[in-house]
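To keep things clear, I will list the structure first and then write my remarks on it.
The values are calculated or read from the model by the stated rules, or taken from the named source; none is laboratory data. The structure presented is a predicted model; accordingly, all values stated were derived computationally and were not measured. Note that each Cβ is placed from the backbone with ideal geometry, even for glycine, and that neighbours are counted across all protein chains shown. These accessible areas exclude ligands, DNA and RNA; they are computed on the full protein's heavy atoms, side chains included. Shrake-Rupley method; radii C 1.70, N 1.55, O 1.52, S 1.80 Å.
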Amino acid sequence: MMTPKNKISSLHQLLFSLCVIVPYFNNYEISFLIWLVVAIISLRKSYSKEFISYWGIFVFLLLLGFVVGRFFDYSLYYTVRDITYMMKPVLGLLIGYQLFQKGIEKPFRFLVNSGVAMACIHLVMVAYGFVFHGAANVREIREYGGYFNDYEVYALLFLLFNKQFDLGLTPKQRRNFLLLLGVSSFFYLARTNFLQFAILFIGMKGYLILNKRSLKIITTLFVSIIVGYTAVYYYNPQRNGDGLDEFLYKIKMAPGEAFSTKINRDDWKDFNDNYRSYENIRTAQQLSHNETWWFGEGIGSQVDLKQKVYLGDMELRQISILHNGFMTVLLKTGIFGLCIYFITIFFFLYNPRSNTKELYTLKLLFIGTGVFLVLSNWVFMGVYNLLDSKSLLIGFLFAYKNQLVQQKS
């Protein structure tokens with residue numbers, strides 16, 4: 001018979017899994033409503049100071065963007081939409097923190113279970129694309145299965161470091177879950193997820209804590225990446241090549257896609273390959289032209305792309321959020337808000353408390369997360385991505401850390 005604590009733990013895991021999975025179906029209105037309801041019904045009486053400081057930054061950016069937006073004449077529709085977009089990490093962090101409670105015996109197993117549920121759904125959708133629609137290339141597989149999933153990569157990492165995270169799984173369970181999450185993570189065919197895995201793995205090995213040994217390892221890995229990229233570049237994979245060629249082409253174009261400064265809008269190939277950089281260029285040009293660098297253009301603002309672009313299933317000329325999370329925050333809150341936003345990354349990079357094995361493990365995970373968030377924000381909006389669940393996990397980790405600190409004191 002289940003005890004009241006077990007019932008609460010099961011309910012929390014159900015709600016947490018629901019919040020992790022629902023964004024995957026790409027209906028932000030439903031996702032937002034479910035997250036809002038869960039955040040409200042799970043409110044707690046107390047929160048750690050560290051969590052409130054971190055969470056408060058996202059609340060501040062939301063309020064700053066709203067105040068700045070009042071100085072412009074934006075439509076109610078775009079204002080409300082931007083508010084919900086900027087609220088995503090605010091709600092996600094609350095939910096993750098609130099659904100953690102002391103009755104959870106194996107906190108990271110709690111997280112892995114949600115990842116496994118997501119992986120099962122993803123693989124069914126990939127199989128559906130294969131069997132019923134003949135999906136045979138990178139673009140088609142991702143169209144049916146999804147474009148990325150940071151949460152599954154975290155779950156896979158927890159399984160690989162089973163002892164450090166005290167999952168309490170049998171060897172058979174761990175092996176089956178590793179296979180399931182490994183295959184599922186691979187079939188997103190997302191460059192960012194591959195890099196995420198590498199960063200987090202290196203972080204858990206302690207190589208992101210700088211010393212002579214870690215510097216040698218990082219240097220070796222960096223040189224290996226340069227050599228590997230050079231090999232791909234000279235192999236010269238084709239844009240519409242078969243199978244592996246198409247994926248290698250995306251790797252070849254990755255640096256230019258994120259860092260190009262000059263793009264020919266009349267050359268569809270150049271424009272498409274470097275579109276994310278084009279968003280950044282147009283944002284910088286608009287802020288410069290309007291002289292709104294310091295505080296941005298507020299909630300409700302949009303960037304004029306100067307031409308219509310297909311984004312998802314819509315053709316748009318004006319966009320309110322960009323692929324780059326840093327540039328999105330810059331657009332809404334300016335240089336002032338962007339500087340504040342950078343503090344959220346330093347929360348992970350600076351973690352002095354590590355006087356127990358559990359806290360040291362969490363410290364390594366936090367450092368890896370901080371480094372990954374730099375990449376995630378640059379290419380895929382970070383915690384502001386509408387399909388992402390990272391904020392849930394981050395809120396959960398803050399609650400777990402608070403429990404560890406309280407137990408030690």
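Okay, here's what the table says:
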item	result
Zone of Q173's modelled label, taken as backbone nitrogen in segment 114-131 under 18 Å from a point 7 Å along Cα→Cβ	114-120
Residue-normalised accessible area of the chain, expressed per residue, 1.4 Å probe, Å²	50
Whole-number percent relative contact order across segment 327-409, with pairs defined as alpha carbons under 8 Å at least 6 apart	22
Selected from Q238, Q13, Q302 as most flexible by GNM, with the chain as the system and alpha-carbon contacts under 10 Å	Q238
FRET efficiency for I251 and N137, using Cβ-Cβ distance with R0 set to 25 Å, rounded to 0.05	0.95
Placed amide H near L311: partners under 5 Å, 5+ positions off or other chain	L316
Segment 267-334-segment 16-31 distance, computed between alpha-carbon centres (Å)	26
Area of K172 that stays accessible when all protein chains are in place (1.4 Å probe, Å², to 10)	130
Pairs from K7/K401; K269/K308; K163/K357 whose Cα-Cα separation, in the structure shown, is over 18 Å	K7/K401
Sum of -39500 (n - 2.57) over DSSP H runs of 4+, divided by residues of the chain (222 nm, nearest 500)	-23500 deg cm²/dmol
Solvent-accessible area, 1.4 Å probe, carbon plus sulfur percent, for segment 47-198	67
Distance from segment 66-122 to segment 172-186 (C-alpha centre basis), Å	26
Stretchable slack from A284 to L316, in nm (0.36 nm times residue separation minus alpha-carbon distance)	9.6 nm
Label zone at Q101 (point 7 Å along Cα-to-Cβ), backbone N below 16 Å, segment 369-409	396, 399-400, 403
Those aspartates and glutamates that a straight Cα-Cα span of less than 15 Å connects to K332, excepting residues fewer than 8 apart in one chain	D73, D82, E279, E291, E297, D304
